[in-house]
Structures are given as C-alpha cells and as structure tokens.
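Data first, discussion second: the structure below is written as structure tokens.
The values are calculated or read from the model by the stated rules, or taken from the named source; none is laboratory data. What you see is a predicted model; the values in this text were computed from it and never measured. Methodologically, a virtual Cβ is constructed for each residue, glycine included, from the backbone with ideal geometry; neighbour enumeration extends over all protein chains shown.
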Amino acid sequence: MVRHLHSVLTLVLGFFSVAASAQAPATVTKPDDGYYRIVNACQRTDGKQYVYVTGKIAAQPNATKAEATTLPGTVIHLKTAANSTNAGWLDVTMLRSQGVDVINGYLNPAIDKVEKALKDKLNEKFGSLGGAIAYGRFNTRVIGQWDLKIHMKPVTTPDGRSAYYAFATVPSMQPICDFWQSYSWLAGNALNNYPNLEAALNSGNPDDVWYEVERLAIAKLESSPYATTEIVNVVKRYFGTKREENRINQGQTYYLISGGLNKVTVGNKAFDPANPTGTSHNEYDGTLPKFDFVNNNSTDQWYGPELPVTGDAAMWILEKVDDINYFGVKPSANMKGRDGKYYTTLYVDFPFKIVGDVKAYTIEGVDAKNAQGYYFAKVKELAQKGDTVPAQTAVVLECNSTNPVDNQLLPTGDEKPKTSNNRLCGTFFGGSINGLTVKDGAGNDYNVTHDNIRAFNINTADSRNPIGFYKVKNNVTNIPGNKAFLVLTSTEAQAKSFVLEFEDGGTTGIETIENPKNSTDDGVYYDLQGRRVENPTRGIYIVNGKKVVIK
C-alpha cells in the first residue's frame, strides 16, 4: 500500500517538475545541472506562469516574471541523468527549492523505506535466507517492472519554443497480479485485515487491485499530518468515490499541466471524435494558475483523450537563472542610511555569488546598553561583489539601489551550509511566530516567541531613526519567509531593540537616515557611539550627520 501511495505522490509532489513530449528526438540533450525557473508555456493574460514554491508540499505556477526576480521560491535547483532504457528521456535526480528536495527528500526515502519494510517482513516470516530469496523474486518480478521516477522529455511549443513535458507513470498492477498467482502462498495471513485487496488479487484483475489500493491510500492520507492540505484534496478528488470517476489509473502516464481539466457529460453520449463538443468530452480550464495533470490515454471510450486537449498548458520552459533571468533583492525605500545605502535582510536555501554592488553582513552578537541608551548588534562583513555567501546563511544586505536589477545575486554551488558564529536566523516559509523553531549559524535551536524575536526595521519614533532589530507588535502574528531576524536568549530579551554596529565601531552608515524634521546642522562633534565631544582630538567623529576624520 505504501509503495502505491508513493507512486501517487510521485505525480503530485512533482508539482514543480519539468518534462516530456511526443515529438522528442532519438537522444535528448541533457540540460546543465544548475538553478532554473520553470515557466509554463501557456501564456496567461495575467502573466502568472512562473512556478513558485510556497511551502514544503505547496507550489503553484502563480508568479509573474517581474515578481519572480525577487522571489527565492521561484529558484529551483535541477539535476538530471540520462534514462537507462529510453534515450529520449531524462530522469530528474534533484528538484530542490526552499529547502525541499522532492526527489531526495521525499521520493527516494519513501522507496527505501518501503523496500526495507518489505525485506524485514519477509525475513521475519522466512528467516534471512528465505526472506532474501523471496524479496529477490518480488524485486525482479514486480518492483523491477515499475518506473517510479519523474522524467523529462523535450517538446516544441506550437509557436516554436523549446519546452518539456513533466511526467511520471502510475505503476501497472499486472506484475503484482502475476506474482500473486505464482507466490500467493508467501503471504500467509498477511492480508487478513485487507479482505477486499486479497479478493482483488485472487481475481487477477489489475484494475480491481488498483481500486483497492486507492482506498487504502486515501485512508493513509486521511490519517497523515497532511490530511487537510490542498495536495491531499487533489489526490482524493482524482481518485473519486466511484471507479468510473477515477482520474488516476494503474499503468498510465500522467503529465503535469498548469490549469485544470473538466470532464463534460453531454446526455448519455460517449465521446465521438467526429463530434467532440456534441458528445461527452474533456475541456481545458485555464482560469486559475494552479497545477493539475492529465494522462496519455488515447482510447477513452467516454470522454476521449486528455493530453491533446491541454495544448501548451502541459509544456514547461526551463529558464536558467543568470544575468538576464536574474535573481535580486529589492530593499524598501524607507530603509535608507545616511550614507545613501539601502538595507534589507535575506535567508535563502541556495548559495549565491554577489554580482551587483552589494555587501553581505552577519550578526556576531549583541552588546549591552551604552550611555545614550542604545543596545548594539555587532555587524561583521561576510562578502562583497565577487564573493559567495554560503547556503542557508541569514544576512543583512547593503545595496546602492532599491532596484533589484542593481542588486543581483547569482545562485551557484550546492546547498551545503557552513557553521559560523552568525546569530541571525531565518525561515524559508512565512508562518506563525509562536511555535516556530529556527537555527542560527552555529546550529543552536531557538523556539520563537513574541518576547524573544527581533525583526529588522527602522524606528521612526526616534529622532535619529536608527535601523536595527526591533521587538514586533503583539498584533503581528506571522513572520515572513526568506527574511533574517534575531532570536534572543532570556537575558538578551530584556532589550527591545538593537542598533547595528560595525566591526570598526561605526554605526552611522546604517544606524540612521536623514530626517528633515529632527536633524540639525549644528556643527557639534559626536563620537561613533553618539556621545557629544567638546574638544575633539585625533579620531573619527560625526558632524552634521557626516563622518569626519581628524588626523
């Protein structure tokens, strides 16, 4: 049962997969492993065609090109390998975004788990030798006949663009029926609790077996942590409550599409290709940017074939993330320092090389209150233009512009985080503050609460408008994804805010912005901690909001 459930989830969890076509060449050219955006080839009027990962098991083709430039959830790490039996196919070996690797994080572990459970059960029943022999036969006669991978295969869109179909195949139940006829004695009383499945196997009808597997899969989903999620609702809806309503069938290949497929019943008239709209038929519904899938059945006697109805909505374009299809950040215009720089935070799964005129900083700790009543967060420069920021490193970014094209960050390398003293934390997906658990750069766990979290912001109530990390209001219940924040210890949490302090003791570049209502050009000298200096000597001072060096 679990194996068949995995096969269903292969289709659905491959929600941002890429993939195959009827017009494929004899040998497919493998795309470079790297970071891509996946764009649906069906050109929507609202422009929402880019796949956007919004949760561990949630994604939609629901972002425009302009939005995608600043959404880390549209950046997908793709790796493929040549298929061993079909030269026109590629196997998807990595499909990762926002910390979620569908292939290596979900599908492959599920296969390993089921195979181990099967081996353990056979060893328990027959001993290690007999169990090994029994498993070897099952592996050859059944598992070896199934294709449990997500595939890619090239196709050309009607207007001549290069694209892919995304597809996977629901395993045929015929091999398991054949195996049962020869080796049912191996099961003993193992199926006593599943009489309907046992009866279906005894009948030798693969469709009957699949229908009973579906019932068991639904029961398993209903008892899982994902019982109320949209992805489970999709599976349940496609299984149907009656066999004739099933859209997931054993032995068929399913292609990922953007949009939906509606089955239209016209009286009691079965599908007639000579009268497609006057008889029961399938219709494509592209009103919403969502995922669906269609099968490759070309002999459906009632509603007709599915894939041809969807056109280029079943085709996906790979768009390499580069200097043209770039990823960048867009700081708020309010987060501007006196040095003219703009500041924001970022937390992403992928490592990135700084391409634009941007600097990345970490926070190495927090300091006690100074004479002016300010607490400081210690800022340490991590990287600048040409350097690479490791994966899963929460940072403060200093930019010259609020335009993301000027603040480009190029995803590069693998998602291998590095241990550091960075106190900044982050989360890939927005969520409730209370109950959220995060890690800092050293791997320390923090349970986030309203009392201990400090978010990156500006204090407009302070005449000096310091930029830093501030306590959030009680009516703020969620923290956004892909942003960095501080989570404090119980002792540190006595402070409501922390202004940023650089390694050289300087704060003014990021600490304050110009505030015409409160700033004055009084010619007074202040040290880097904001204290007034009556008789300045050699050193660095702030005069009229600008840094001055006396030699």
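Strands (runs of 3 or more DSSP E) fully within region 297-375 that include at least 3 residues being more than 23 Å from L486 (Cβ to Cβ), without any contact (Cβ under 8 Å) to a residue 24 or more places away in the chain and of a type in the set (S, T, Y): none found. Only residues that are buried (at least 19 other Cβ atoms within 10 Å of the Cβ), of a type in the set (A, V, I, L, M, F, W, C) and more than 18 Å from V389 (Cα to Cα) were counted in region 319-337, giving 1. Please verify whether N421 is modelled with pLDDT of 95 or more, part of a loop (DSSP other than H, G, I, E, B), surrounded by fewer than 20 Cβ atoms within 10 Å (Cβ to Cβ) and assigned by TED's automatic domain parsing to the domain that holds K380, treating the condition exactly as stated. Taking the combined requirement at face value, the residue satisfies it. The number of residues in region 117-161 being at pLDDT below 90, closer than 30 Å to T29 by Cα and among the polar types (S, T, N, Q) comes to 1. Within region 194-228, being in a loop (DSSP other than H, G, I, E, B) and over 22 Å from V142 (Cβ atoms) holds for S223, S224, P225, Y226, A227, T228. Counting only residues that are surrounded by fewer than 16 Cβ atoms within 10 Å (Cβ to Cβ) and closer than 20 Å to P411 by Cβ, region 57-83 holds 3 of them.
To keep it simple, each residue is scored yes or no on (1) over 26 Å from Y284 (Cβ atoms); (2) under 24 Å from the mean Cα position of the chain (by Cα).
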{"site": "L197", "(1), (2)": "yes, no"}
{"site": "Y226", "(1), (2)": "yes, yes"}
{"site": "V235", "(1), (2)": "no, yes"}
{"site": "G240", "(1), (2)": "no, no"}
{"site": "R243", "(1), (2)": "no, no"}
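Might you check whether a residue that is modelled with pLDDT of 50 or more and either on the phi > 0 side of the Ramachandran plot or outside any loop (DSSP other than H, G, I, E, B) (or both) occurs anywhere in region 19-35? Yes, region 19-35 contains at least one residue that is modelled with pLDDT of 50 or more and either on the phi > 0 side of the Ramachandran plot or outside any loop (DSSP other than H, G, I, E, B) (or both). Residues in region 279-326 that are on the phi > 0 side of the Ramachandran plot and at pLDDT 90 or above: G311 alone. So, in region 436-447, how many residues would count as being part of a loop (DSSP other than H, G, I, E, B), in contact (Cβ under 8 Å) with a residue 12 or more places away in the chain and out of contact with any Lys or Arg (no Cβ under 6 Å at 6 or more places or on another chain)? Total meeting the criteria: 4.
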